[in-house]
1. If I go through region 328-338 residue by residue, how many of them are closer than 13 Å to Pro379 by Cα and assigned to a loop (DSSP other than H, G, I, E, B)?
2. Failed condition for Leu314, given (1) more than 19 Å from His250 (Cα to Cα); (2) exposed (fewer than 15 other Cβ atoms within 10 Å of the Cβ); (3) in contact with a strand residue (DSSP E or B) (Cβ under 9 Å, 6 or more places away or on another chain), with all others met?
3. Which residue, of Val253, Val246, is surrounded by fewer than 19 Cβ atoms within 10 Å (Cβ to Cβ) and in contact with a strand residue (DSSP E or B) (Cβ under 6 Å, 6 or more places away or on another chain)?
4. Looking at region 295-322, I want the residues that are closer than 30 Å to Tyr257 by Cα and have a partner that is small (Gly, Ala, Ser) and part of a strand (DSSP E or B) with Cβ atoms under 6 Å, at least 6 apart or on another chain. Which pairs are those?
5. For region 206-232, enumerate the residues that are surrounded by fewer than 20 Cβ atoms within 10 Å (Cβ to Cβ) and of a type in the set (Gly, Ala, Ser).
6. I'd like the full set of residues that are in contact with a Pro (Cβ under 9 Å, 6 or more places away or on another chain), of a type outside the set (A, V, I, L, M) and modelled with pLDDT of 90 or more, limited to region 238-271.
7. Test each condition in (1) touching a residue at least 60 places away in the same chain (Cβ under 8 Å); (2) in contact with a Lys or Arg (Cβ under 8 Å, 6 or more places away or on another chain); (3) not hydroxyl-bearing (Ser, Thr, Tyr) for Asp273 and report the one that comes out false.
Amino acid sequence: MALIGLLIRVCLKGGSPQDPAVRRRCGTVSGGVGIALNTLLFLSKIIGGVATASVAMVADGINNLSDAATSVVTLVGFRLAGQEADAQHPFGHGRMEYVTGLIVALAILLMGIEVGKSAVDALIHPASVQTTTLSLVILVAAIGVKLWMFFFNRALGRCLSSKAMEATAADSLSDVASTSVVLLSALLSGRVPFPVDGLAGLAVALLILKTGWEAGRETLDPLLGRPMDPELAADIDRVVLAHKDVLGIHDLVYHDYGPGRAMMSFHAEVPADGDFLALHDLIDHIERELKTAHHIETVIHMDPVVRDERTTRLREQVAALAREINPSLTIHDFRITPGPCHTNLIFDVVVPYHSQLTDDQVRDQLEQRIKELSPRYYPVIQVDRPYVDSCFPAR
């Protein structure tokens, strides 16, 4: 473990884990270690597997070769991700980390399929396996090496919040399980009346496929676009609402372009009767504050809020009606435009994704309840879906 701590200190060198140069250096070290150790394991297992005629051991060695190849992909991916922004990629190349993790996951799945084919063939056409002291030593040593690689990549992945490295760590742990199965089959071979070598190979294949599926799911989410972390959203809420002239925020949209490269926008509700220039200066200040605190480029849209007695009362009534339909419904951007024959009530209602109601059902039920307050009210409703798990209430 002391060696792991030393390598991580060398990788970080006092820099920020979100610094592209630091991440590139960490990816280079992790990739280099993976290439060297996995190549050594591949050669030793192939030699031991051929000598003992063990399909499971050869399959495990081929798995290590695929790990060496994915380490090359990781190394290249981190170096590409560290490139500066350019005219074609104004938000940088940070998502290459996610692409790298996805490639690693696909390689793991492909190898799982190939190992599974070999295992099925060994079950159909079983052959005797000769267990030797050398093969047992190779397998035990391989388990120790893979455990060390798991702890190293997990520690580095947590420091960097890197899904690619966490996928590599998960793969190493899967290799520990698969090699343990091969070791068990080597110990049992010739002592049980069934083709334990083929069964061990099939178990290895299933473990590899499980690891590849989980790693792929973890790296695909940020590429497709996932919601902001609730803790980060809560801290943004705290920072923004600490300013007394901000009455509420909503419609927060977050774009992840890779570690340390993010952009967000949201609407900030401000008093309609406030000093426009002073409020504009406040919004600029909040944008700078959030960039300093979270390294996120922020764009804020100001929404003027009228706070007269009638508007406030109607807003509270409509918010209560929305909660009657579903306690998780919230409203914002509420304003009224009175006229001689009717009064428009214009607002947005936020419907969580877990709600069983459709947009039309929410709109129809709200309209019905509002008209029960007064037939003169004409609701103009925009249904929104949240981009984060929590909604920020107005004050």
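The values are calculated or read from the model by the stated rules, or taken from the named source; none is laboratory data. Note that this is a predicted model, so its numbers are computed, not measured. Here the Cβ positions follow ideal geometry from the backbone for every residue, glycine too, while neighbour counts run over all protein chains shown.
1. Residues that pass the stated criteria total 0.
2. For Leu314, the failing item is (2).
3. Values: Val246 fails: surrounded by fewer than 19 Cβ atoms within 10 Å (Cβ to Cβ).
Result: Val253 is the single residue among Val253, Val246 that is surrounded by fewer than 19 Cβ atoms within 10 Å (Cβ to Cβ) and in contact with a strand residue (DSSP E or B) (Cβ under 6 Å, 6 or more places away or on another chain).
4. What qualifies is Ile296/Ala262; Val299/Ser265; Ile300/Ala268; Met302/Ala268.
5. Gly216, Gly225
6. Answer for region 238-271, where residues must be in contact with a Pro (Cβ under 9 Å, 6 or more places away or on another chain), of a type outside the set (A, V, I, L, M) and modelled with pLDDT of 90 or more: Asp245, Glu269, Pro271.
7. If we test Asp273 against (1) touching a residue at least 60 places away in the same chain (Cβ under 8 Å); (2) in contact with a Lys or Arg (Cβ under 8 Å, 6 or more places away or on another chain); (3) not hydroxyl-bearing (Ser, Thr, Tyr), just (1) comes out false.
Results for (1) acidic (Asp, Glu); (2) in contact with a His (Cβ under 9 Å, 6 or more places away or on another chain); (3) surrounded by fewer than 19 Cβ atoms within 10 Å (Cβ to Cβ); (4) at pLDDT 80 or above, shown as yes or no for each residue.
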{"position": "Tyr98", "(1), (2), (3), (4)": "no, no, no, no"}
{"position": "Ala107", "(1), (2), (3), (4)": "no, no, yes, no"}
{"position": "Met111", "(1), (2), (3), (4)": "no, no, no, no"}
{"position": "Leu136", "(1), (2), (3), (4)": "no, no, yes, yes"}
{"position": "Ala141", "(1), (2), (3), (4)": "no, no, yes, yes"}
{"position": "Gly144", "(1), (2), (3), (4)": "no, no, yes, yes"}
{"position": "Phe151", "(1), (2), (3), (4)": "no, no, yes, yes"}
